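The values are calculated or read from the model by the stated rules, or taken from the named source; none is laboratory data. This one's a predicted model, so the numbers in the text were calculated from it and none came from an experiment. Because the Cβ atoms are built from the backbone with ideal geometry, glycine has one as well, and the counts that use them run over all protein chains shown. The area values use the complete protein model at the heavy-atom level, side chains included, leaving out ligands, DNA and RNA. Shrake-Rupley method; radii C 1.70, N 1.55, O 1.52, S 1.80 Å.
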Amino acid sequence: MTEKYPVLEGAEPFYFEGNQVGILISHGFTGSTQSMFPIGEAYARAGYTVCGPRLKGHGTHYKDMEKTTYQDWIGSIEEGFQWLKERCDTIFVTGLSMGGTLTLYMAENHPEIRAIIPINAAVDIPEMNPVRQLEGVRFLDGVGSDIKKPDVKELAYEKTPVQSVKEILNFMDKVRADLHKINCPSLIFVSNEDHVVPPNNSQIIFDEISSEEKEIHHMKDSYHVATLDNDQQIIIEKTLQFIEKNL
């Protein structure tokens, strides 16, 4: 699938070369790397090698996204993972929303990943299910920019392709079915108030992964896009402590 539209300013992939420890960072559904850049930059300042791929069909135009599949999104993350593997001995993975779903997918399929940090990760969104039956409608309203902090905006699509919702529903089913395969240490962030992914998703993840070392951190002052919200600094600090502990 070839993208027809140019990459939006701020939605470019980001790479920081640092030490032998790599952090793979994934943005979410209909969003862009802009939502993850501040935390990527903070991890780079701490000396780590960081890769934030742009998911196929994202950060351009929703008509590009409409033509992509969840396998395309996995492919984008796998490419970033390979880039890190060429440079690093140890790799951690983190992601927001569907980026959290991709984080879980990577842990299910790459047991060599040291540890994961899903943030408001999606594995079960019942209110999306009716879209499976939707025919003759191409686009729905956008789901981006669910942020509590005033005057902060996420760079995300204003429309959501129906076909893409069907893709993420299938992807969530696949990832949820394999949660038991995850054994690595996991730090799970969840916003107590989230208008996109029901907060109980993080409890489902906590309950169904096989990791012995797992922890949920509840964020009290952020909505869905917590990486751009009031708890951004807490995510950065707790993640850095978690990585130190697991090296």
message = Below 8 Å, C-alpha to C-alpha, sequence gap of six or more: please give me the relative contact order for the chain in percent.
response = 20
ask   = Quick one: Cα centre-to-centre distance for the range 69-101 and the range 133-211, in angstrom?
value = 16
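What pairs from Lys56/Lys166; Lys4/Lys159; Lys148/Lys238; Lys149/Lys220; Lys63/Lys174; Lys67/Lys149 go past 22 Å between their alpha carbons?
The pairs that break the limit, which is 22 Å between Cα atoms, are Lys63/Lys174; Lys67/Lys149.
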remark   = re the range 159-235: pairs of Cα atoms spaced beyond 18 Å account for a percent value of 51
ask   = Considering only the other residues whose Cβ falls under 10 Å of the Cβ of Leu187, what net charge follows from Lys and Arg at +1 and Asp and Glu at -1?
value = +1
Among Phe81, Phe16, Phe189, residue whose mean-square fluctuation peaks in a GNM of the chain (springs only between Cα atoms under 10 Å) = Phe16
remark   = Expected vector for the range 98-115, Karplus 3J(HN,Hα) from phi with 6.51, -1.76, 1.60 and θ = phi - 60°, integer Hz, x for Gly and Pro, equals 5, x, x, 4, 5, 4, 5, 4, 5, 5, 5, 10, 10, x, 6, 4, 6, 6
task = Would you please classify the overall shape of the range 42-158 from the alpha carbon gyration tensor, given that a ≥ b ≥ c denote the square roots of the eigenvalues, rounded means a/c under 1.5, and beyond that prolate means a/b larger than b/c while oblate covers the rest?
result = prolate
inquiry  = At 1.4 Å probe size, put Met128, Met106 in order of accessible surface, largest to smallest.
reply    = Met128, Met106
remark   = Projected area averaged over all directions for the convex hull of the alpha carbon atoms of the range 1-92, nm², comes out at 5.5
message = Students often get this wrong, so try it: which of [x] 1.14; [y] 0.93; [z] 1.06 is Rg/Rh (Cα atoms, Kirkwood Rh) as calculated from the structure shown?
response = [y]
Whichever lysines have a C-alpha closer than 22 Å to that of Lys181, once near sequence neighbours (fewer than 8 apart) are set aside = Lys85, Lys214
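In Å², and per residue, what accessible area does the range 50-189 have when probed at 1.4 Å with the other protein chains present?
On the way: 5500 Å² over 140 residues.
Per-residue accessible area for the range 50-189 comes out at 39 Å².
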